[in-house]
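> Quick one: structure below, then a few questions.
The values are calculated or read from the model by the stated rules, or taken from the named source; none is laboratory data. Please read all numbers here as calculations on a predicted model, not as lab measurements. Quick reminder, even Gly has a Cβ in these numbers, built from the backbone with ideal geometry, and neighbours come from all protein chains shown.
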C-alpha cells in the first residue's frame, strides 16, 4: 500500500520534470522569483526603508555596473566608497534608486498579483461555471446572458473603468484583474461541468438525495479539477502583462509601489535614449516572467488537459513504431506519420 | 441556416441589454460625478457656477433609474445623447472616431493573419526543422514582450538614429492614403506581433493534428504535390480552431488598442475613452462601450456563421 502510494504520489511533478523540461525550468524560475519576492528585504542590495526605495541624488542615472568598462567601474567604486553600499548592477533611475532593488521589489508586486488573481479568478469561474451547469434552467440562462454581455465589452476598457472606479493600488488591481477574467473563464468551466453533469455518479447522487451543493463540491469539481488547474495556470501570464499595461497607462499600482510596468512608463519611456536600462531592465523582467508563465501553463495543459490526452495531439510516430515493434516483433517499414509517407511518396 | 442566424440575432437583444445595464451601473459607481468635475473646471476658470442649474442641465437631478431609462430610450431611437463636456453628440464623436479604431484593429488582424497563417503552416510542414524552431522561438518572445515596450522602443530609436517617426497627424484613409498609412502601419504591425505569436502556435498545432489524419495520407498516396496537400487538405481542415481563436482575439484587438492609440497619438475610441473617464463624461463612455460591445458581438456572430461555412458537419443549435 505504502509502495503503491509512493509510486502515484507525485506523478504530476515527476511528469513535468521528465517530459517537459522547459516547463519545469519555468516553474523553477517562477519559484525563484517567488522566493526573491518574499525575501526582497534581504536580497535587494538597497532594501526599502520605511516603505520607500532609497534615494541617492548623487548617483542618479548611473550606468549599469554590469556594462561599465574598467575606468567607469573605477569611478563608480570611488563614488560608492563615499556613499557606501553595493555597486548598482543594473544602474540607477532618475532619483538614484537602485534598479535591481526596484526590480526585486517589483517582483513582489507581480507575484502578489499573480497568486491572488490566479486563486480569486479561478474561484469565481468555478463558482459561476459549476453553479450555472448544475442548477441549469433559468439560472443558467440568465447567468449565461450576463457572461455573454460581460465578455463582449473589450477587456482593456473594462479594466480601465473598474480601475478608475476603485482607484490605484494592489487590492484594487487584484479585484479588477480577477473578476473579469474569472467571469470570462467561467465559460470553459461550465462546459466542462456540463460534460460530467449527467454522469452516472451524479445521477446516483441525485437518487441518494444529494443536494446541488453536495453534487457540485463532491462530484463535479473533483472531476473537472484538471481543467480548473489548466485554466488557472494559463491565466498567470495574462495577469502580469495586464498589470504592467495598466500601470503603464497610470491605472495600476499606487505611486510609490514598485512595479515593472510603472518603471517603464514613468521613467523608461522618457529616458529611453539616455538611460535605456530604465526601460529594458523591467521590460526583460516582464518578458522573462511572462515567458516562464506561458511555458509553465503550456506544460501543465499538455500534461493535464484530458482533451489532449490520447488524441492526435500527443501523437508520436516513433513511439507508436516502437510499440508496434514490441507487440508484433517486426519493425514496421512505414509508420503512419506524415514525414514517412512524404519521403516515401517522393522517392517512389 | 437562416433560422439559426435569426435566432442568434434575437439572442443578441438580451445581451445588449446586459451591456447597457452593466456600463450604466459602472458609470454611476465611479467616484466623483461629472458634475463635480465640471464645477471644479468652471470655478478654476473663474466662472460663477450655479450647481443646481448645472445639475438640471446635465440631467443628473433625476434618480439613477430614471436616467437609465431616459438613456436607454434614446439608444433605442438611435440617439446616444450628447457629450457632457464637448459640444457634440456622442453619435457624432463615435462616427468620427470609430473608423479610426476599426481601421487600426482590422489592419492589426490583417497583419496577424498574413504573418501567422503561412508561417504556421510552414512550421507544421517542416516540423522540428530550423524554420519551425526559429519562428516558434520568435512567437514566444513576441508573446512575452509587452506591446507598450515595443512601441516605446520603436518610437524612440528610429527617431534618434534615422530621424524617422510615424505621422502623428491623422488623415482619413480616403483623403490621403499615404499619410494615413504613415500613421497606422507601424502601430498596427506592433499590435499584430503579440497576436501573431499566439496565432502562429495555434495554426501550427492545428495543422500538425490535421497532417496525421487519414485523408491527408490518402492525398499523399494519390500523388498530390506538397503545395496541394498543404493548402487544399491540411490548411482548409485546420481553419476551424484558427477561426475560433481569431474571433476570440477580436475583442482584445479592439480593446487593447488603448495603449497603441495613446502612444501613437491616434484619435480613436480608446483615446476618447481615457479622456472621458478622467472627466466622468458618462454619455461618451456609455456610448463608446456599447458600440464596441455590439461590434464584438457581431464579429462573434460572423465567426460562428463561418464555422458552418467552413465545416458543414458543425451542428448549429
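Residues are listed down the side, and each one gets a yes or a no for (1) surrounded by 14 or more Cβ atoms within 10 Å (Cβ to Cβ); (2) more than 14 Å from residue B:281 (Cβ to Cβ); (3) within 14 Å of chain A (Cβ to nearest Cβ):
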position	(1), (2), (3)
B:3	no, yes, no
B:8	yes, yes, yes
B:19	yes, yes, yes
B:30	yes, no, yes
B:45	no, yes, no
B:52	no, yes, no
B:62	no, yes, no
B:70	no, yes, no
B:80	yes, no, no
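> Follow-up. Do we have residue A:207 as closer than 20 Å to residue A:192 by Cβ, away from chain B (no Cβ under 14 Å) and without any contact (Cβ under 8 Å) to a residue 60 or more places away in the chain here?
no
> Taking the options A:231, A:275, name whichever one is at pLDDT 75 or above and outside any helix (DSSP H, G or I).
Exactly one residue qualifies, and that residue is A:275.
> Only one residue in B:314, B:269, B:284 is at pLDDT below 80 and more than 8 Å from chain A (Cβ to nearest Cβ). Which one?
B:314
> Okay, next question. Say whether the condition of being outside any strand (DSSP E or B) and within 21 Å of residue A:296 (Cβ to Cβ) is met by at least one residue in the range A:38-46.
There is at least one residue in the range A:38-46 that is outside any strand (DSSP E or B) and within 21 Å of residue A:296 (Cβ to Cβ).
> From the set of residues in the range A:223-238 that are over 14 Å from residue A:178 (Cβ atoms), away from chain B (no Cβ under 13 Å) and touching a helix residue (DSSP H, G or I) at 6+ places or on another chain (Cβ under 8 Å), which is surrounded by the most Cβ atoms within 10 Å (Cβ to Cβ)?
A:224
> If I ask for residues that are crowded, with 19+ Cβ neighbours inside 10 Å and more than 7 Å from every other protein chain (Cβ to nearest Cβ), which ones from the range B:133-143 would you list?
B:135, B:139, B:142 - these are the residues of the range B:133-143 that are crowded, with 19+ Cβ neighbours inside 10 Å and more than 7 Å from every other protein chain (Cβ to nearest Cβ).
> Identify, from the list A:135, A:61, the residue that is in contact with a strand residue (DSSP E or B) (Cβ under 8 Å, 6 or more places away or on another chain) and surrounded by fewer than 19 Cβ atoms within 10 Å (Cβ to Cβ).
A:61
> Restricting attention to the range A:96-132, which residues are modelled with pLDDT of 80 or more, farther than 30 Å from residue A:221 by Cβ and out of contact with any strand residue (DSSP E or B) (no Cβ under 8 Å at 6 or more places or on another chain)?
A:97, A:100, A:101, A:102, A:103, A:104, A:105, A:106, A:107, A:108, A:109 - these are the residues of the range A:96-132 that are modelled with pLDDT of 80 or more, farther than 30 Å from residue A:221 by Cβ and out of contact with any strand residue (DSSP E or B) (no Cβ under 8 Å at 6 or more places or on another chain).
> Still on this structure, please answer the following. With (1) crowded, with 22+ Cβ neighbours inside 10 Å; (2) more than 14 Å from every other protein chain (Cβ to nearest Cβ) as the list, and residue A:241 as the residue in question, which single condition is left unmet?
Every condition holds for residue A:241 apart from (2).
> Starting from residues that are touching a residue at least 24 places away in the same chain (Cβ under 8 Å) and surrounded by fewer than 21 Cβ atoms within 10 Å (Cβ to Cβ), keep the ones in the range A:268-296 and report whichever is nearest to the chain's Cα centre (by Cα).
If we take residues in the range A:268-296 being touching a residue at least 24 places away in the same chain (Cβ under 8 Å) and surrounded by fewer than 21 Cβ atoms within 10 Å (Cβ to Cβ), then A:291 is nearest to the chain's Cα centre (by Cα).
> Which residues, taken from the range B:122-131, are surrounded by fewer than 21 Cβ atoms within 10 Å (Cβ to Cβ) and in contact (Cβ under 8 Å) with a residue 40 or more places away in the chain?
If the condition is that a residue be surrounded by fewer than 21 Cβ atoms within 10 Å (Cβ to Cβ) and in contact (Cβ under 8 Å) with a residue 40 or more places away in the chain, then B:127 is the only one that fits.
> Do you know which residues across the range B:87-120 are in contact (Cβ under 8 Å) with a residue 12 or more places away in the chain, surrounded by fewer than 20 Cβ atoms within 10 Å (Cβ to Cβ) and over 18 Å from the mean Cα position of the chain (by Cα)?
Matches in the range B:87-120: B:91 only.
Conditions tested, residue by residue: (1) more than 11 Å from chain B (Cβ to nearest Cβ); (2) at pLDDT 80 or above; (3) over 27 Å from residue A:228 (Cβ atoms).
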{"residue": "A:279", "(1), (2), (3)": "no, yes, yes"}
{"residue": "A:283", "(1), (2), (3)": "no, yes, yes"}
{"residue": "A:286", "(1), (2), (3)": "no, yes, no"}
{"residue": "A:292", "(1), (2), (3)": "no, yes, no"}
{"residue": "A:300", "(1), (2), (3)": "yes, yes, no"}
{"residue": "A:303", "(1), (2), (3)": "yes, no, no"}
{"residue": "A:306", "(1), (2), (3)": "yes, no, no"}
{"residue": "A:314", "(1), (2), (3)": "no, no, no"}
{"residue": "A:318", "(1), (2), (3)": "yes, no, yes"}
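> So residue B:194 passes all but one of these: (1) modelled with pLDDT of 80 or more; (2) closer than 30 Å to residue B:263 by Cα; (3) buried (at least 16 other Cβ atoms within 10 Å of the Cβ); (4) more than 13 Å from chain A (Cβ to nearest Cβ). Which condition number does it fail?
Against the list (1) modelled with pLDDT of 80 or more; (2) closer than 30 Å to residue B:263 by Cα; (3) buried (at least 16 other Cβ atoms within 10 Å of the Cβ); (4) more than 13 Å from chain A (Cβ to nearest Cβ), residue B:194 comes up short only on (4).
> Quick check on the range B:224-240. Is at least one of its residues at the interface with another protein chain (Cβ under 10 Å from one of its Cβ atoms), under 30 Å from the mean Cα position of the chain (by Cα), crowded, with 18+ Cβ neighbours inside 10 Å and at pLDDT 80 or above?
yes
> Out of (1) more than 23 Å from residue A:259 (Cβ to Cβ); (2) modelled with pLDDT of 85 or more; (3) within 14 Å of another protein chain (Cβ to nearest Cβ), the odd one out for residue A:152 is which?
Here residue A:152 clears every test but (2).
> Please go through (1) surrounded by fewer than 21 Cβ atoms within 10 Å (Cβ to Cβ); (2) within 12 Å of chain A (Cβ to nearest Cβ) for residue B:201 and return the number of the only condition it doesn't satisfy.
(1)
> Now for a different question. Looking for whichever is closer than 19 Å to residue A:277 by Cβ and at pLDDT below 80 here; the options are A:20, A:63. Which one fits?
Among A:20, A:63, only A:63 is closer than 19 Å to residue A:277 by Cβ and at pLDDT below 80.
> Just a yes or no: is a residue in the range B:144-164 out of contact with any strand residue (DSSP E or B) (no Cβ under 7 Å at 6 or more places or on another chain), within 12 Å of chain A (Cβ to nearest Cβ) and under 23 Å from residue B:237 (Cβ atoms)?
Taking every residue of the range B:144-164 in turn, none turns out to be out of contact with any strand residue (DSSP E or B) (no Cβ under 7 Å at 6 or more places or on another chain), within 12 Å of chain A (Cβ to nearest Cβ) and under 23 Å from residue B:237 (Cβ atoms).
> Can you tell me which residues in the range A:253-272 are assigned to a loop (DSSP other than H, G, I, E, B) and at the interface with chain B (Cβ under 8 Å from one of its Cβ atoms)?
Matches in the range A:253-272: A:269, A:272.
> Let me ask something else about it. How many residues, within the range B:38-70, are assigned to a loop (DSSP other than H, G, I, E, B) and under 15 Å from residue B:85 (Cβ atoms)?
5
> Continuing with this model, one more query. So how many residues does the range B:287-308 have that are away from chain A (no Cβ under 11 Å) and either crowded, with 24+ Cβ neighbours inside 10 Å or closer than 29 Å to residue B:155 by Cα (or both)?
1
> Tell me whether the range A:246-253 contains one or more residues that are under 21 Å from the mean Cα position of the chain (by Cα), touching a residue at least 40 places away in the same chain (Cβ under 8 Å) and within 23 Å of residue B:197 (Cα to Cα).
Yes.
> Given the conditions (1) farther than 30 Å from residue B:308 by Cβ; (2) within 10 Å of chain A (Cβ to nearest Cβ), report the number of the one that residue B:15 does not fulfil.
Every listed condition holds for residue B:15 apart from (1).
> Right, something else. Regarding the range A:72-91, can at least one residue be identified that is crowded, with 20+ Cβ neighbours inside 10 Å, more than 14 Å from chain B (Cβ to nearest Cβ) and either at pLDDT 85 or above or at negative phi (or both)?
Within the range A:72-91, one or more residues are crowded, with 20+ Cβ neighbours inside 10 Å, more than 14 Å from chain B (Cβ to nearest Cβ) and either at pLDDT 85 or above or at negative phi (or both).
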